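Report on one structure; see the data block that follows.
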Amino acid sequence: MTKTPKVYQVGDVSITRVTEMVLGGISPEIYFDGSWNPAFLEENRNCLPAGLIDGDSQLIVSIGTWVVKTPKHTILIDTATGNDKNLPLNPALANLQLPYLERLQEAGVSPEEVDYVLLTHLHVDHVGWNTKLVDGQWVPTFPNATYVFPLAEQQYYSSEASHNKENEANFNVYEESVLPVVEAGLTQTIGPEGGELLDIFKFIPTPGHSIGQMSISLTSGREEALFGADVMHHPFQVFNPEWNSMYCEFTEQARISRRRVLESIADRPVIYFSSHFPESAAGYVTRSGDGFKWNFV
Ligand SMILES: [Zn+2]
């Protein structure tokens, strides 16, 4: 059962979430990799937004894409995990058969009309639908799109340096989901300092979770939004910015980027579009004492 997706308006741009999957039953102790403090949940259970945990107090997260429609262009931000992928070191995400393209269609998007695919970073759950398997070949799913991503991510994930034990989750991902769009001549890269795109987007370096990750801001008229990428995986990290997830590769840098993003949007009318939060995955950050709070919209 799919709910009709919400449409968010930022200036003259509309934004919709297409969810590829919702994952529950995730142990916070494992996910927050040494940072988890059960007292946080005990002390705050009654004032946290609904939908963050399941009945067994295990985390709920999601994987998906943000569809951005401007008066001129159709843009996707991150492309989830994809079907049919060969991920021998990441069996939970391997060989999926999910109706993502049907859900994209329900959101009013057919693959041919996508003009841009913006990728915050090149991890397994952000690049998968870049390509699809046709007659044994990985081909671009969005044949008329320009795929835009940070250069540092491409340099790292195409290199031997990234093919190590710490990166098992991403083994084979570059080869199946990124290289085919590079070879098709459909890519454009963003240098280490970040940069602007289409007058409305700005790539902002937020490294740590991955080597060259960037968040993407959107400004239309007087209104602003931020696609934060994986500076946070779950709203618990808004309340506890020092908590990294088990997928953060460069841990100290990840903490610095998370706090910087929270400081930059707290108590401002900037809607935050997350990669992995449950429920709507969108909301606002407000200040609360010395820290921050999360509010879904
Ligand atoms: Zn992710």
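The values are calculated or read from the model by the stated rules, or taken from the named source; none is laboratory data. For clarity, every value in this text was computed on a predicted model and none was experimentally measured. Glycine gets a Cβ as well: all are built from the backbone with ideal geometry, and neighbour counts include every protein chain shown.
Points worth noting:
- Pair list, Cβ under 7 Å, 6 or more apart: the range 48-69 residue in contact (Cβ under 8 Å) with a residue 24 or more places away in the chain, other residue basic (Lys, Arg): Gly64/Arg17; Trp66/Arg17
- Among residues of the range 117-136 being in contact (Cβ under 8 Å) with a residue 40 or more places away in the chain and away from the ligand (no atom under 16 Å from the Cβ), the one that is nearest to Phe273 (Cα to Cα) is Thr131.
- Selection over the range 209-244 of residues that are within 13 Å of the ligand (Cβ to nearest atom) and either at positive phi or among the aromatic types (Phe, Trp, Tyr) (or both) gives a count of 2.
- Of the criteria (1) closer than 15 Å to Asn130 by Cα; (2) touching a Leu at 6+ places or on another chain (Cβ under 9 Å); (3) surrounded by 14 or more Cβ atoms within 10 Å (Cβ to Cβ), which one Leu96 fails: (2)
- The listed residue being buried (at least 19 other Cβ atoms within 10 Å of the Cβ), of a type in the set (Val, Ile, Thr) and modelled with pLDDT of 95 or more, out of Val117, Val139: Val117
- Residue in the range 245-256 that is within 15 Å of the ligand (Cβ to nearest atom) and among the basic types (Lys, Arg) present: no
- The set of residues in the range 53-74 that are over 18 Å from Ser177 (Cα atoms), assigned to a strand (DSSP E or B) and β-branched (Val, Ile, Thr) comprises Ile53, Ile60, Val61, Val67, Val68, Thr74.
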